Structures are given as structure tokens and as C-alpha cells.
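Since the structure comes first, as C-alpha cells, the remarks are kept for the end.
The values are calculated or read from the model by the stated rules, or taken from the named source; none is laboratory data. Nothing here was measured: the structure is a model prediction, and the numbers come from that model. Positions of Cβ are backbone-derived with ideal geometry, glycine not excepted, and every protein chain shown enters the neighbour counts.
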Protein chains: 2
Amino acid sequence: MNTSSQNCPAQKLLKALSGKWKPQIFKMATNAPVRFNQLLRDLEGANKQTLATALREMVEEEILVKSVIQEKPLHITYTLSEKGNSLVNVFVALEQLSNGDA
Amino acid sequence: MNTSSQNCPAQKLLKALSGKWKPQIFKMATNAPVRFNQLLRDLEGANKQTLATALREMVEEEILVKSVIQEKPLHITYTLSEKGNSLVNVFVALEQLSNGDA
DNA sequence: TCAATTAGTCAAAAAAACATGACCACCATG
DNA sequence: CATGGTGGTCATGTTTTTTTGACTAATTGA
């Protein structure tokens, strides 16, 4: 592994948005804060480990913010960060380009 | 593999931009048309197969256009398509978000 | 004609991503 | 005190991606 292959700034961010589940997670988070078991139910076919990893990476890349809600049964939510919010436009652009407009 | 996990429109496009070499290939193509062996030399650590696969996927996703230049030594170039050009803004946005602005 | 450059393909192996099932701790209800 | 929900981790296996190295075919220059 050399180093000259990793000096593209967009790469890490791109990675934190790509993969089998991250795009859906991101889209769901644009609607409302998401929760672990809720995602597990909604994203049929996804499993705990994969989801945990995806969420961790998205938090590390500061797309999502993990917050512990100190209510009765102790919730944890994942919310779009400011950076995440800025990415919404990017995502919209990508979706439009996916739908055949040049 | 279930189907409900693949219905995010941006996903394919995102995949055609992500990975170990595609971001760099894309960036280089924004400067000038790129060529196979040129990429092989510039992207140190990359190999033929991976590059061929990356280029094929980017062409399939219509980010790049492959053209055979009928000159003396018969060149093949990969150029940004219209779609590819539209993605430049997206990329710029991603890079800016990578550099710490919220 | 020999060597080098062009742009690749193919089979196989190594590495990374993703999935499975077991397990943990915490809290609440019955 | 068992049952179920919260949000995970861990070891293991499968699947996908990336790398390695050998090979091809056309063109060019010495």
C-alpha cells in the first residue's frame, strides 16, 4: 500500500457515503433522526454488525452525530450533522444525475 | 441478496465514483482526457486489472466516454461525459466538506 | 527482426466488505 | 425472576474488491 493513492480529499467522505447501506441510512436520517433497532427493522437484510460499522464510520466522518437521549428507556439517536446537512444537496444532485438527465 | 436494499438511485453512481482509484481517475479526467498507461504510471500502486475495471465501470455509468483516437499509434482516451462534467460540482462540494468547513 | 509501447485479458490469491449467530449489559413489565 | 426491548460486541464465514503475474495483439523504432 503506498501513500500517493490516498491523497484525494473527497475519498474518505465518499467512502463514508457509499456501500450497501450507507446511502439509505443517510436518506433516512434526512427525514428524521434514526435509531439502531429502527434501522435494523426498516433496512431488511441488514444486520447489527454491518449497521454498527456503517453508523460508526458515518459518525467518524462527521456526517452523523450520535446522541444519548436520557429518557426513561435510554435512547441513542443518530442525527445529521451540519456537514451531513450540507451533503443533502450533493445527494440530491447525485440522484438527479442518476435519473438520466445530463 | 434482497432487492429492497438497492432502490436508492444515487447508489450506483456513488459506487462508480468510490473505491480505491476512481476518485483520482475522476479528478485527473477533469484536467485532461486520461489514457490507460498514463494512469498506470501516475497512480502508483494501481495495476492494470483494477484500472481496467474502474474505467469500465465509470464508462458503464456514463461518467467517462471511451474514444479511440485514430492517430499514428492508435490511442484510447477517457474523457468526462456531460454527466461527468455535472459531477465536477458535486466533487468540489465534497472536497470542500472534507476540508473542515461545516 | 528485436525490443518497447500501446491497451488490455485471464486465473488465482490476498484483502476488504458484509452477513450470521451467539453473546452482553441495561432497563422495564408481568 | 423470566421475557422482551434498548444498543450494541465478538468470532466466524461468505462474498466482493483489489492485487499479482502471466499472457495477448497491434504498432513503432532501431
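Inside the range A:69-89, can you point out the residues that are at pLDDT 95 or above and either hydrophobic (A, V, I, L, M, F, W, C) or under 10 Å from the mean Cα position of the chain (by Cα) (or both)?
A:76, A:78, A:79, A:80, A:84, A:87, A:88
Can you tell me which residues in the range B:57-93 are closer than 23 Å to residue A:13 by Cα and away from chain A (no Cβ under 14 Å)?
B:59
Evaluate the range A:17-37: report whether one residue or more is more than 15 Å from the chain's Cα centre (by Cα) and within 20 Å of residue B:8 (Cα to Cα).
no
Cβ-Cβ under 7 Å, sequence separation 6+ or interchain: first residue in the range B:7-27 and more than 7 Å from every other protein chain (Cβ to nearest Cβ) and of a type in the set (Val, Ile, Thr), partner surrounded by 19 or more Cβ atoms within 10 Å (Cβ to Cβ) and outside any helix (DSSP H, G or I). Which pairs?
Pairs that qualify, where the first residue is more than 7 Å from every other protein chain (Cβ to nearest Cβ) and of a type in the set (Val, Ile, Thr) and the partner is surrounded by 19 or more Cβ atoms within 10 Å (Cβ to Cβ) and outside any helix (DSSP H, G or I), are B:25/B:34.
Taking residue A:77, is it out of contact with any Leu (no Cβ under 9 Å at 6 or more places or on another chain) and crowded, with 17+ Cβ neighbours inside 10 Å?
When the stated conditions are applied, residue A:77 passes them.
Within the range B:28-51, restricting attention to residues that are under 22 Å from residue B:92 (Cα atoms), free of Cβ contacts under 8 Å to residues at least 60 places away in the same chain and more than 12 Å from DNA strand C (Cβ to nearest atom), which residue is surrounded by the most Cβ atoms within 10 Å (Cβ to Cβ)?
B:29
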